[in-house]
Every structure is written in C-alpha cells, then in structure tokens.
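Undergrad: Questions regarding the structure given below will be posed in turn.
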Amino acid sequence: MVFAGRNISRAFYAVIALVVFAGDQVTKRIIESSIPERGTVTVIPGLFSLTNVKNVGAAFGLFADSPAAWKTGLLILASAGLLGAVASIVWRNPKLSWKAGVGLSLIMGGAFSNLIDRIRAGRVVDFLDFYLRSYHWYTFNLADSAIVIGAGLLIIQVISSD
C-alpha cells in the first residue's frame, strides 16, 4: 500500500476500523444514557437534532415494520457474511490503493459495530437526525456514516483507477 510515498500496513487499516467501531459504540451509549428513547435534543434549529431511535430494520429503516421473526437473524447473517467478504479482500490484497484500503476499513468498522448491536440487542441506535423544514433524512449513526464514506472512497477508486 502506497500513500505519499510510504507503505501502509494492514495494521493501519485495522486501527481505522477499530476507531470507527469504538467511536460508534461510545456515541451510541452516550445517546442512550442522555436522551430518552424517541427523545430529541435540537442542536441546530431547523437543520440538525440528536434523536434516540431504535432501528430494528436495516439501513434507512428498511424492513423495520416487518413483523417477521426471522428478520433479525437474516440481518445478522447478511451483515456477518458481507463483513467477512470485506475483511477477506483487505487481508488477501496487501497492495490496495489507499482509497480502497481506507474505504474498506471504514466499512468494516461500521459494519462490525452495527453487527454487534444487532447480536446484542436485536437493533441499532440511530441518533443523527438531519432535516430541512418538513424534509427529513433517515436518522443514522456514526457506523452508517463510515460505511457510506467508505463506499464513496471505493467508488472514487473505481472511477479514478489510480
């Protein structure tokens, strides 16, 4: 792995994944201990709030309303499988570009954190709530942010091919 003329080891990618995992877990616990479920703290009026939401579905609340008993198990299996695939790519490719390596590390850290929450509690805590007037984005967490940024880096890597 070359970044600014230096080799980047897998250990660096592991550190990124661990920082994402720890940051997400800590922020979720802070939100759970500070804001009651469905409670909201306005940070920037008309734009951003912290809201304690329990998400039993997938990203963006997909399948959240499904009463299917197997939903959580399926989400856990799918998350674990995808996490294993990403880890395998990082492990088996020591010469990833920095964009791919960092992108995959962000995805691993976020996916692992959300997976642990699903295994432990059957749901994840979402709390970042962005909106403009009546237009609301789905509430999400730091793990989700890391996954999206990581995917963005992978897309940039594919497009730029450097």
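A short reminder: the numbers here are calculations on the coordinates, not readings from a lab. Not measured: the values here are computed from a predicted model. Ideal geometry is used to build each Cβ from the backbone, glycine not excepted, and the neighbour counts take in all protein chains shown.
Undergrad: How about segment 74-162: which trypsin sites (Lys or Arg not before Pro) there lie in a loop by DSSP and see at most 12 other Cβ atoms within 10 Å? Display every interim value, and only then the final one.
TA: Values: sites: 92, 95, 99, 118, 120, 123, 133; in loops: 95, 123, 133.
Here the trypsin sites (Lys or Arg not before Pro) that fit, given the DSSP loop and packing criteria, are 95, 133.
Undergrad: While we're looking at this one, here's another question. Which of the listed residues, 30, 88, 152, is farthest toward the dipole's positive end in the chain, when Lys, Arg count +1 and Asp, Glu count -1 at the beta-carbon?
TA: Of the listed residues, the answer is 88.
Undergrad: Give the order of 34, 49 when sorted by the count of other beta carbons within 10 angstrom, beginning with the fewest. Let's see the in-between values first.
TA: Numbers: 34 12, 49 19.
Taking fewest neighbouring Cβ atoms as first place, the list is 34, 49.
Undergrad: While we're here: Rounded if a/c is under 1.5, else prolate if a/b is larger than b/c, else oblate: which is segment 83-162, with a ≥ b ≥ c the root eigenvalues of its Cα gyration tensor? Numbers along the way, then the final one.
TA: Values: a/c = 4.07, a/b = 1.43, b/c = 2.85.
Note, shape of segment 83-162 comes out oblate.
Undergrad: For the chain, give the magnitude of the charge dipole about the Cα centre (Cβ charges: +1 Lys/Arg, -1 Asp/Glu; no others), in debye to the nearest 20.
TA: 360
Undergrad: For a quick check: sort 130, 140 by the number of other beta carbons within 10 angstrom, fewest at the front. Before the final figure, lay out each step's value.
TA: Values: 130 14, 140 21.
By the 10 Å Cβ count, ascending: 130, 140.
Undergrad: Just from the alpha-carbon atoms, what are the Rg and Dmax of the chain in angstroms?
TA: According to the Cα coordinates of the chain, Rg and Dmax are 17.0, 53 Å.
Undergrad: Continuing with this model, one more query. For 37, 32, what's the fewest-to-most ordering of other Cβ within 10 Å of each Cβ? Walk me through the numbers before you get to the answer.
TA: Values: 37 11, 32 14.
Ascending Cβ contact count within 10 Å gives the list 37, 32.
Undergrad: To the nearest 10 degrees, how steep is helix 10-34 against the longest Cα principal axis of the chain, on a 0 to 90 scale?
TA: 10
Undergrad: Here is a further query. Give the angle, between 0 and 90 degrees and rounded to the nearest 10, that separates the Cα long axis of helix 71-92 from the longest principal axis of the Cα atoms of the chain.
TA: 20
Undergrad: Per residue of segment 116-123, what does 6.51 cos²θ - 1.76 cosθ + 1.60 with θ = phi - 60° give for ³J(HN,Hα)? Whole Hz please, x for Gly and Pro, Karplus curve as stated.
TA: Running phi through 6.51 cos²θ - 1.76 cosθ + 1.60 with θ = phi - 60° gives 4, 4, 5, 5, 6, 10, x, 6 Hz.
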